[in-house]
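> Can you keep this structure in mind? I'll have questions shortly.
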Amino acid sequence: MTNKSMPMYNNTNYLYFLVLLILQLGTVTNGSSQPTINVIDAYAKKELIPMSDLVESVSYVVLESDSLRCGPANRVYANDSLIFVISFRQIAVFERSTGKFLRTIGSLGKGPNEFSSTISSMPFDDQMDIIRAKGWDYSSLEYNSLGSLNKKVNPKKISLGSIACLNESIYVTSPSKYGYEKESRLVLFDSNDKIIRKLPRHQKQEDYTTKIVGYKGDEAWFYKLKNELFFKETFNDTLWGITPNSIYPRYIFELGKLQPPKELGYTYDFKKLRNFIEISNLFESPELLFFTIKHHKLSFFAIYDKTKKSLRICDNADDSLFGLKNDIDNSFPFLPFSITTNNDLVGFIEAYELIEWKKNNPDLARKLPQKLKKVREYDNPIVVIATLKE
């Protein structure tokens, strides 16, 4: 990022976009300095990170498999009593204490209450009891944890991309680049679909002559910490905070030559994108910022200590699994995927991965809890819940 005080504009268009931004979105709040997370250096120094460095205890939930099979491409979230397993075509709910299957939420199809696909960016908002899926015609469907459809968000003049609730009355979306409001980077609108503010894109599709070779959904990654909403875009180096009247930069990810060029945000040439570092799946505790790094088809888990201002990136603890080295009970590596409002890390391992790990680690496998020894190859994922240290 060349201009830290206004990172989304170049010098030539600085004044124009500053005025336009103030008029349309309010203000961009900038501190005297924006903390930089040096990803490129930490990436060169990947290390095996023990769970015990940040976790005090770990537990396992074996999900019931006889009533419903989950997957593929699972993502797992939890609250105090429930576990949500979200795959591409399915949203399933299990009891956290027992793993008992309770219900599915919505279903794939074009009928009433049905969705076109699930989403990657913030599908679960525990604070507002929302499980979100993608509807048809750029709409968004909001279910509650009991499985009822609360609302269909379908503003006529906004082609919804990634979407989140800023509060109970304001939505934020990063619109699709190929529909209504495609020239807006962010749009804030209310529950009556009235547009409140817009943030214009710095560049447009017409700025590039390279043809589109792919498509990437959920380009902006939204997440919450307590009552604050944040977002990170694939082709931007900054993690932003959002308020009703402004956005503000929190952290800049220093990627050097491995920063994805903005052109790829319009051509979606995924073969080229693999040559750069992609940051995704961000979530946060009061002390730590977590995210995943993808590079050359490999993934690495990253932990940024906000107090020490230091970044650590996990080297793969196993040839087939990646994540934290499990020195709590010496079982398989732990990859956190999400965090609860009570700061429990939530991850999972697919049943077939556990079976393979047991074959490769027979001595450690004998020490597994009995319920993990009984897992069959085609069972549902095993959910791992780890309590962070105080």
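> LYS226: which aspartates and glutamates have alpha carbons under 19 Å from its alpha carbon, excluding same-chain residues fewer than 8 sequence positions away?
LYS226 reaches ASP80, ASP125, ASP126, ASP129, GLU168, GLU284, GLU287, ASP305, ASP344, GLU390.
> Amide H of ILE49 versus every other amide H placed in the peptide plane: which residues, excluding those fewer than 5 positions away on the same chain, fall under 5 Å?
Placed amide hydrogens put ASP315, LYS325 under 5 Å from ILE49.
> When the Kirkwood hydrodynamic radius is evaluated over all pairs of different C-alpha atoms of region 313-390, what value in angstrom, to one decimal, is obtained? Intermediate results must be reported in sequence, preceding the final value.
On the way: mean 1/r = 0.0760 Å⁻¹.
After inverting the mean inverse Cα-Cα distance, the result is 13.2 Å.
> Okay, next question. When only Cα pairs under 8 Å and 6 or more residues apart are kept, what is the percent relative contact order across region 227-301? Before the final figure, lay out the partial values.
Numbers: 112 pairs, mean separation 15.0, N = 75.
Averaging sequence separation for qualifying contacts and normalising by length gives 20 percent for region 227-301.
> Under the rule of at least 5 residues apart or a separate chain, name every residue whose amide H is placed under 5 Å from the amide H of PHE124.
HN-HN under 5 Å from PHE124: ARG132.
> A further question on this structure: Apply the Karplus parameterisation 6.51 cos²θ - 1.76 cosθ + 1.60, with θ equal to phi minus 60°, to every residue of region 90-100 and state each ³J(HN,Hα) to the nearest whole Hz, in sequence, with x for glycine and proline.
7, 10, 10, 10, 10, 6, 5, 6, 10, x, 5
> Let me ask something else. Which residues' amide hydrogens lie under 5 Å from the amide hydrogen of ALA78, considering only partners 5 or more residues apart or on another chain, with H built in the peptide plane?
So ALA78 has HN proximity to PHE84.
> Let me ask something additional. Check the straight Cα-Cα distances from LYS358 and name the aspartates and glutamates below 18 Å, setting aside those fewer than 8 residues away within the same chain.
Within the straight-line limit of under 18 Å, LYS358 reaches these aspartates and glutamates: ASP318, ASP319, ASP327, ASP329, GLU350, GLU377, ASP379.
Laboratory data are not the source of any read-out in this text; all were calculated from the coordinates shown. What you see is a predicted model, and the numbers here were worked out from it, not measured in a lab.
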